[in-house]
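See below for the structure under consideration.
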Amino acid sequence: MGGKGRALAMEVMIPNPAIRNLIREDKIQQIYSQMQVGQSKFAMQTMNQALLSLVEHRVITLDDAMERSHNLDEFRQMLSTSNVSTVKKERPVRTA
C-alpha cells in the first residue's frame, strides 16, 4: 500500500472429495463455487477473497484490488458486505 514491495494474492483449491467428484464428472464450471464455500472448512480461497483480505488488512489499496480482480461484479458485491468502507480508495502519496 505504501508503494514498497509486492503482495501475494492467490487462489487456493484443495482437492477434497467434492472437488474430485466435479473433475471426474467434467463439471469444471462448478469448481469455483466449491472454492467459495470451502473457505472456512478446507482453507480454500478465490482470487477475489484473497484480494479482499489484502484490502481489509491494508496491504494493498482498493484501486489495486479492483484492477486485478477477474470478476469485478463479484468483487464489488463482496465489498458491500465487508468492512472495507473505512479503507481509503485512493493510492497513498509516495514521499521521497
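A few points about this structure:
- Within segment 56-85, tally of residues that are in contact (Cβ under 8 Å) with a residue 12 or more places away in the chain and not basic (K, R): 18
- T46, sole failed condition from (1) under 12 Å from the mean Cα position of the chain (by Cα); (2) over 30 Å from M1 (Cα atoms): (2)
- Looking at segment 1-78, the helices (runs of 4 or more DSSP H) lying wholly inside it that each contain 3 or more residues that are open to solvent by 50 Å² or more (accessible area, probe 1.4 Å) sit at 17-24, 31-37, 39-42, 62-68.
The values are calculated or read from the model by the stated rules, or taken from the named source; none is laboratory data. Keep in mind it's a predicted model, so treat the numbers as computed, not measured. Positions of Cβ are generated from backbone atoms using ideal geometry, with glycine treated the same way; all protein chains shown enter the neighbour counts. For the accessible areas, the whole protein counts, side chains as well, though only heavy atoms, and no ligand, DNA or RNA atoms are used. Shrake-Rupley method; radii C 1.70, N 1.55, O 1.52, S 1.80 Å.
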